[in-house]
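A short reminder: the numbers here are calculations on the coordinates, not readings from a lab. Only a predicted model underlies this, so the values are computations on that prediction, with no experimental measurement involved. Using ideal geometry, Cβ is built from the backbone for each residue, glycine included, and neighbour counts are taken over all protein chains shown.
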Amino acid sequence: MSIASKAAPIRFEGVSKKFGKDVVAVDNIDLAVAAGKLVTLLGPSGCGKTTTLRMIAGLEMATSGRITIGDVDVTTLPATDRDVSMVFQSYALFPHMSVLENVMYGLTFSGFGKGEARSRALQGLDLVGLKGFDGRLPSELSGGQQQRVAVARALVLEPQVLLFDEPLSNLDAKLRRQVREDIRAIQQELGLTVVYVTHDQEEALAVSDEIVVMRNAAIAQIGTPRELYDAPNDRFVADFIGEANLIECQIVELDGGTAMIEVEGYRHQLPARGLSPGPATLAVRPSRIVLDGDAGVQATVAKATYVGVRMEYTLEGGFGQVFAVQDDVDKPLEVGTDLCMSFASRGPVLLPGEA
């Protein structure tokens, strides 16, 4: 199979999509997806991510702007004239057809002879780990196996771009983890250009080369998973990418690029990120809250939950309420315990204060 050699970049230039006169689904976005990379569109319901995906596929037409795949302007091309395959949330398998017939379906409509279509379909099933499953019906497969059939059906068409629309939402937690690893492995092995839509932050962090966080029909921030997790631009991104405690603070001193902040009398030093003295917001991941220090902010354990591999705590104090985790499950803190809460030397991030 020659899928990797056809991988193409995607570019959006000032693209907008309106439904009717008043509903703006996508608002003047610029976006570049490099060939051979997996880029995830992530955001809450109604943010525009699925509409953006459907405009790549040609299932929705842009109201304005330009979309290119490779060197071809596809802005006004119908879906049938774009070299794109899509894997849907529902799998969209034909229940009366065998697994092999399902994978062959698109090939026969693309003009391949029956022999070549069969050969390619068998290669596709082998690629997704379903060799020997060709004679089964979809109803005889697990949810994860059905999703792999849908992936194989898309792959055998050797598209320039492969699109995934919430592909794991119908699977249970364990299968989601397994299938997302499979998708990522296939994408990397073949060098596919993939655009992947999800609302699940953990899923996006696990599979992506780059994540596009969307909000209110626009792009809030683009970056690698680590860039977005460690250095969000604003409160929305910090809170949406993983869990983050947003704590109001004061920047009391600046020394070059370093800020000294104060929370309830406790001082902590961290990168200033271009902010000036005055009110700011501190974004702290639950794992970056230190609960066993001698100095810090006074807090009380309001809730303590054992979840197997860790303890989860809700802490309350003058700062409000925060969520913290600890790996020590053998000596849990009791509800009602008073303690000093401080922040890890690395991890907390300064953001502009509330507008």
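Observations, loosely collected:
- Counting Lys and Arg as +1 and Asp and Glu as -1 over every other residue whose Cβ lies under 9 Å from the Cβ of ARG66, the net charge comes to -1.
- To the nearest ten degrees, helix 173-190 and the longest principal axis of the Cα atoms of the chain are 60 degrees apart.
- Dipole-positive endmost among ALA154, LEU42, GLY317 within the chain (Cβ charges, Cα centre): ALA154
- Farthest positive-ward along segment 52-189 dipole, Cα basis, beta-carbon charges - from GLY58, SER98, GLN187: SER98
- Working note: Karplus 6.51/-1.76/1.60 with θ = phi - 60° gives segment 346-351 the couplings 10, x, x, 10, 7, 10 Hz, where Gly and Pro are set to x.
- Coupling constants for segment 239-254 follow from the phi torsions by the Karplus curve (6.51 cos²θ - 1.76 cosθ + 1.60, θ = phi - 60°), and in residue order they are 7, 8, 8, x, 8, 9, 8, 9, 10, 6, 9, 10, 7, 9, 8, 10 Hz; glycine and proline get x.
- Relative frequency of Cα-Cα separations exceeding 21 Å in segment 260-355, percent: 32
- Summed residue charge, Cβ within 9 Å of ALA344's Cβ, Lys/Arg positive, Asp/Glu negative: +3
- The mean of 1/r over all distinct Cα pairs in segment 10-135, once inverted, gives the Kirkwood hydrodynamic radius of 16.8 Å.
- Ratio Rg/Rh, restricted to segment 218-290 and using Cα atoms, in which Rh is the Kirkwood radius: 0.97
- From the alpha carbon centroid of segment 245-278 to that of segment 184-237 is 28 Å.
- 3J(HN,Hα) along segment 224-234, derived from phi through the Karplus expression 6.51 cos²θ - 1.76 cosθ + 1.60 where θ = phi - 60°, amounts to 6, x, 5, 4, 5, 6, 8, 9, x, 7, 8 Hz, with x in place of Gly and Pro.
- In the set (1) 150; (2) 168; (3) 135, the label that goes with volume of the Cα convex hull per residue in Å³ computed for this structure is (2).
- Around THR224: net Lys/Arg minus Asp/Glu count, Cβ-Cβ under 12 Å: -2
- Near the amide H of VAL290, within less than 5 Å, lie the amide hydrogens of SER342, PHE343, ALA344, all on another chain or at least 5 residues away, with H placed in the peptide plane.
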